Structures are given as C-alpha cells and as structure tokens.
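J.: Here it is: the structure, laid out below.
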Amino acid sequence: MPNIAAVLKDEIARIARKEARAQTAEFKKASAQYRAHIAALRRRIEDLERQVKRAGKVAAKGADPAEDDDQTTARRFSATRLAAQRSKLGLSAADFAALIGVSGQSVYKWEHGEARPRARQLEAIAALRGIGKREAATRLAQLRGQGDQAQS
C-alpha cells in the first residue's frame, strides 16, 4: 500500500508548480512585450539621432559662406595625375606636401589611392598645376626660410 503522506505531498507540489507557472506566464508575456517595445524605441531614437546629425551637417555646410564662394568649380582628383605632377616638378613627397601645406604621408596616401584630398587641398593642388620647377623651388625655399625664422 502506498504511503498516503508521500502521494499527498507530491500532488501538492505538482499543483503548486502548476499555479506558479500560470501566474508567472502573465509576467513573462508582459516582460517580452516591454522588451520589444523598448527595442523599438531604441531603434527610433537612433534613427532620429541620425536625422539630427545629418541636419546639423547640412546646416553647417550652408552656414559657411566663405567656403561656398571659394568653390565655384568642382575639382576632380586623380592619384596618377598627382604623382605625375609631383614628378614633373621634381619634388619629393615631403617637399610637395610642404608646398600644399599637408604632411608627406598625406601625399603618399593620395598617390596610392588610399585617401582623397579635401576641397581646400584640391584647390592648393590645382594652384600648383601652373608652376614649373624653378617656381616650385623658389616657393619651397621661401617656406623653408619662414620656418627658420619661426624657430629663431
């Protein structure tokens, strides 16, 4: 004959688990809904932040009238043409960079297609197109002379 106390204890435990599961099911469902809602809100916030950032960039570009006046023509850039121009002037990457006002590493990356010059730098490169070797050497000597005076 089975032990009635053990059977009764097992049955009470089973019913208690069933009741606990039924009561926590509502909380689990609500929790899942809240998580989904929070995730949707986060996505919406990120989207709105991106829109604000874009609007800020557009406003910043429109607010700078000096840049709009300088940029009357769109400049094209070619890495091979830059290398050819530097070679034509007989300058090292560091010397060419000094004439433009950037680092030698920038010129190296531009020539190898790893980076692209900014608008101001494109204008400086375009300004060097019309000069020859002598003019380039003169400008470089002037820049070096100014650097020596600044160090004194």
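J.: For region 80-152, which helices (runs of 4 or more DSSP H) that fit wholly inside it have 1 or more residues that are open to solvent by less than 50 Å² (accessible area, probe 1.4 Å) and among the aromatic types (Phe, Trp, Tyr)?
T.: Passing ranges, in order: 93-100, 104-111.
J.: Quick one: is Gln105 at pLDDT 90 or above and under 30 Å from Arg144 (Cα atoms)?
T.: Yes.
J.: Test each condition in (1) in contact (Cβ under 8 Å) with a residue 40 or more places away in the chain; (2) in contact with a Lys or Arg (Cβ under 7 Å, 6 or more places away or on another chain) for Phe96 and report the one that comes out false.
T.: (1)
The values are calculated or read from the model by the stated rules, or taken from the named source; none is laboratory data. Just so you know, these numbers come straight off a predicted model, no measurement behind them. Ideal geometry is used to build each Cβ from the backbone, glycine not excepted, and the neighbour counts take in all protein chains shown. What goes into the accessible areas is simple: the full protein's heavy atoms, side chains included, and nothing from ligands, DNA or RNA. Shrake-Rupley method; radii C 1.70, N 1.55, O 1.52, S 1.80 Å.
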